[in-house]
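The values are calculated or read from the model by the stated rules, or taken from the named source; none is laboratory data. Quick caveat: nothing in here was measured; it's all calculated off a predicted structure. Note: ideal-geometry Cβ built from the backbone for every residue, glycine included; neighbour counts use all protein chains shown.
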Amino acid sequence: MKIGICDDIRDFCDALEKDVQAFIASAELDAQVVKYYTGADFLADEEPCDILFLDMELGDITGIEVLEALKQRRLNTVVLVVTAYSKYIDNALDYNILRYIQKPVEQERIFSALSKAISVLNEDYIVIYDLKTKAKYKLAFREIICAETKLRKIYVYTADQIYHLKEGFKSFKSQLKASYFAEAHYSYVVNMNYIKCFKRTQIVLDIGGQEKTVPVSGDKQSQLRRKYAAFLGEDYEA
């Protein structure tokens, strides 16, 4: 997951980044934070952000111009406007932003906004091309139970079907933005909603009433247990 902060005031960017990083740590998210000090810098980045904190006055262009560019590019970035200027509210709301946060901001509001943004991403979807049926499918993230790669193919499991894909696994994983996805092994990504049993070296998934065992690699055991504990709302015990 990629979270962007676009604001021409560097001190504010740094302060906001600390709050965002605190949220990432508390939620055990696999996310990076990127700061942009001009609208041009943000628009020049070819890798889109999943979540964007956007100021309305950026020095070079306005936040409205950034929102228009996102609209033209048809990007599904979840936008959280953070500004000291209320005069942009009406125009910004035309772009279906998620939150309009007035400066100065408190960490509690940032956490609340990020929680809402994550819930929006969790309800997103992916479009895949299945090699077996030669057809395209739109899969909601919540439908995907797990995905594995073997013999240069990707197998995506849902409750009632297995889809066969031909693409790089790293690229495929980067499209799974929902917070409940986790890597158990370099060859697997799993939806934690479907974990039936979690052991030290393996997890058992419930796939339409059938069990599927997925190995947990040694270098991912601790991280996955922390992430799963956070997902369940429990304290992590080593």
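Some points to look at:
- Boolean, Ala230 is buried (at least 19 other Cβ atoms within 10 Å of the Cβ), closer than 26 Å to Cys49 by Cα and out of contact with any Cys (no Cβ under 9 Å at 6 or more places or on another chain): no
- Among the residues of segment 12-23, those identified as within 25 Å of Ser222 (Cα to Cα) and surrounded by fewer than 17 Cβ atoms within 10 Å (Cβ to Cβ) are Lys18, Gln21, Ala22.
- Residue within segment 191-199 that is assigned by TED's automatic domain parsing to the domain that holds Ser222, of a type outside the set (A, V, I, L, M) and either crowded, with 18+ Cβ neighbours inside 10 Å or over 23 Å from Ala229 (Cβ atoms) (or both) present: yes
- Test: residue in segment 164-181 that is surrounded by 14 or more Cβ atoms within 10 Å (Cβ to Cβ), at pLDDT 90 or above and farther than 19 Å from Met1 by Cα: yes
- Pairs are defined by a Cβ separation below 9 Å, a sequence spacing of at least 6 or placement on different chains, a first member in segment 119-147 that is under 13 Å from Lys177 (Cβ atoms) and outside the structural domain of Leu98 (by TED's automatic domain parsing), and a second member that is of a type in the set (Asp, Glu) and surrounded by fewer than 16 Cβ atoms within 10 Å (Cβ to Cβ); the pairs so defined are Ala140/Glu123; Phe141/Glu123; Arg142/Glu123.
- No other residue among Leu224, Leu205 is farther than 13 Å from Ile145 by Cα, touching a strand residue (DSSP E or B) at 6+ places or on another chain (Cβ under 7 Å) and either surrounded by 15 or more Cβ atoms within 10 Å (Cβ to Cβ) or outside the structural domain of Tyr157 (by TED's automatic domain parsing) (or both) apart from Leu224.
- Hits in segment 64-78 - residues which are over 15 Å from Ile3 (Cβ atoms) and touching a residue at least 40 places away in the same chain (Cβ under 8 Å): Val66
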